[in-house]
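Accompanying notes for the structure given below.
Where a number appears in this text, it was derived from the coordinates with a stated rule and is not lab data. As the structure is a computational prediction, the values presented were derived from the model and not from experiment. Methodologically, a virtual Cβ is constructed for each residue, glycine included, from the backbone with ideal geometry; neighbour enumeration extends over all protein chains shown.
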Amino acid sequence: MTAATDVLDLVHRWAAAEEANDPVALDALLADDFVGVGPLGFVLGRDQWLGRFGHGLVNRSFVIEDPKVHEYGTAAYVVGVDVQETTAKGRDVSDRFRVSIAAVCPDDRWLIAGVHLGPLKPPAGHTSGW
């Protein structure tokens, strides 16, 4: 297997664990110093990310579309689209997000070091390109 193949496998296992709302499966995929940035800009450490399901987050579907892997030796950066059907404390927050994933391979095993979810659509009132 190539690094890109291994990283894509990691991303798909991460998405499956998110979809299953399974913090035990996620625990095996995240680096010790993992940092997650949510779509509204909040920052969660590893334990907070794993604890989301106990605080009202429920994923009904969680898919990463069109992931592109950029390899850098024992690190990789993945950019794709996260399509999720999700509720947070009973409120529907389903959407499509740009997702960036930092993966590292410190000991012959790829782990997710960071995830950043952001909007795919322009902010309200924004009418021109960036």
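If I go through the stretch 33-42 residue by residue, how many of them are aliphatic (A, V, I, L, M) and over 21 Å from K121 (Cα atoms)?
Selection size over the stretch 33-42: 1.
What helices (runs of 4 or more DSSP H), lying completely within the stretch 1-57, carry at least 3 residues that are within 21 Å of C105 (Cα to Cα) and not aliphatic (A, V, I, L, M)?
3-19, 46-50
Does D27 count as surrounded by 12 or more Cβ atoms within 10 Å (Cβ to Cβ) and out of contact with any Phe, Trp or Tyr (no Cβ under 9 Å at 6 or more places or on another chain)?
yes
Could you list, in sequence order, the residues of the stretch 35-70 that are touching a Leu at 6+ places or on another chain (Cβ under 8 Å) and more than 15 Å from V99 (Cα to Cα)? Give the steps one after another, and end with the answer.
Narrowing the stretch 35-70 to residues touching a Leu at 6+ places or on another chain (Cβ under 8 Å): 35-39, 46, 49-50, 52, 67, 69.
Within the stretch 35-70, R46, W49, L50, R52 qualify.
So W49 passes all but one of these: (1) under 19 Å from A16 (Cβ atoms); (2) touching a Lys or Arg at 6+ places or on another chain (Cβ under 9 Å). Which condition number does it fail?
Checking W49 against (1) under 19 Å from A16 (Cβ atoms); (2) touching a Lys or Arg at 6+ places or on another chain (Cβ under 9 Å), the one that fails is (2).
Exactly one of these conditions fails for T87: (1) out of contact with any helix residue (DSSP H, G or I) (no Cβ under 9 Å at 6 or more places or on another chain); (2) within 13 Å of I112 (Cβ to Cβ). Give me its number.
Single failed check for T87: (2).
For the list (1) part of a loop (DSSP other than H, G, I, E, B); (2) under 19 Å from L10 (Cβ atoms), I need the number of the one condition that A124 fails.
All conditions pass for A124, except number (2).
Pick from V115, V83: which is farther than 21 Å from Q48 by Cβ and either in a loop (DSSP other than H, G, I, E, B) or not basic (K, R) (or both)?
V83
Return yes or no: is L30 within 16 Å of L10 (Cβ to Cβ), in contact (Cβ under 8 Å) with a residue 40 or more places away in the chain and within 13 Å of the chain's Cα centre (by Cα)?
Against the criterion (within 16 Å of L10 (Cβ to Cβ), in contact (Cβ under 8 Å) with a residue 40 or more places away in the chain and within 13 Å of the chain's Cα centre (by Cα)), L30 qualifies.
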